[in-house]
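Participant: Pasting in a structure now, in structure tokens, and then I'll have a few things to ask.
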Amino acid sequence: MCTFELELPCQLRSIELFDTKATEYLQKYTDSHRSLAFIAHELLINSLEASFRRYGDLAFRYSIKLKISQYEQGIDITVSDYAGGIHPDELHQVQGRSLEDIVSSEDGRGLLMIEHMVDDIKMEYKNDGAFEIKVRKEGVHCYDQ
């Protein structure tokens, strides 16, 4: 298994660097780099927005971490932050909605699209206070390192 990790301050300009580095890695080592880069980008944007909502102008004091792990059957993309995560009630509301339900909504579109693109989503609160969302996409061909 091969892993790529990048941790940056929670700033708008960090998204461009996350996107660039994740896309470079995914282009080099997978056959599905466009869809995987989209998934990573949407997770990162959600994390950034949550951090800004929670911390406002002080969000830069916290970090966002992206981890991409290849394994024999596919790839995992994990994003973690310190913005508090998704409340379980909100998560069930988002998961139960259809595309028609959220077309005019500002929230939930990215996560709904991701749900339809991946094989598994796990969300977890870590001991250090971080919230982690991990998606798994199976059937991705990963090139040798």
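Participant: Might you work out the accessible area of Lys126 for me, using a 1.4 Å probe with all protein chains in place, and round it to the nearest 10 Å²?
Facilitator: Only protein atoms counted, so the area is about 80 Å².
Participant: Quick one: which residues, 5 or more positions from Ile64 or on another chain, have an amide H under 5 Å from its amide H? H modelled 1.01 Å from N in the peptide plane, none for Pro or chain starts.
Facilitator: Under 5 Å from the amide H of Ile64: Leu8, Cys10.
Participant: If you don't mind, there's one more thing I want to ask. If r is the Cβ-Cβ distance from Glu72 to Glu5 and R0 is 22 Å, what FRET efficiency results, to the nearest 0.05? Working shown, then result.
Facilitator: Values: r = 20 Å, r/R0 = 0.89.
That gives a FRET efficiency of 0.65.
Participant: Within the set of other residues whose C-beta is less than 14 Å from the C-beta of Asp76, count the net charge using Lys and Arg as +1 and Asp and Glu as -1. Present the calculation step by step, with values, prior to reporting the outcome.
Facilitator: Details: positive: Lys65, Lys67, Lys122, Lys134, Arg136, Lys137; negative: Glu5, Glu72, Asp119, Asp120, Glu124, Glu132, Glu138.
Value of the local net charge: -1.
Participant: May I pose another question? For region 66-72, in order, what is each residue's ³J(HN,Hα) by Karplus, 6.51 cos²θ - 1.76 cosθ + 1.60 with θ = phi - 60°, in whole Hz (x at glycine and Pro)?
Facilitator: Per residue, the Karplus-derived 3J(HN,Hα) values read 10, 9, 10, 10, 8, 9, 4 Hz.
Participant: If you take the beta carbon distance between Gln27 and His141 as r and set R0 to 22 Å, what does 1/(1 + (r/R0)^6) give as a FRET efficiency, to the nearest 0.05? Working shown, then result.
Facilitator: Details: r = 13 Å, r/R0 = 0.59.
Efficiency at R0 = 22 Å is approximately 0.95.
Participant: Does anything in region 4-39 have its amide N under 18 Å from the 7 Å Cα→Cβ label point of Arg61, and if so which residues?
Facilitator: Answer for this model: 8-12.
Participant: If you don't mind, there's one more thing I want to ask. Of Lys65/Lys122; Lys21/Lys134; Lys21/Lys65, which pairs sit farther than 22 Å apart, going by alpha carbon to alpha carbon?
Facilitator: Working: Lys65/Lys122 16 Å; Lys21/Lys134 18 Å; Lys21/Lys65 13 Å.
Too far apart for the 22 Å limit: no listed pair.
Participant: Around Ala83, which amide H atoms from residues at least 5 apart in sequence, or from another chain, sit under 5 Å from its own amide H, with H modelled in the peptide plane?
Facilitator: Phe131
The values are calculated or read from the model by the stated rules, or taken from the named source; none is laboratory data. Predicted, not measured: the structure shown is a model, and the values here were computed from it. In this analysis, Cβ positions are derived from the backbone assuming ideal geometry, glycine residues included, and neighbour counts consider all displayed protein chains. Surface areas here come from the heavy atoms of the whole protein model, side chains and all, with no ligands, DNA or RNA. Shrake-Rupley method; radii C 1.70, N 1.55, O 1.52, S 1.80 Å.
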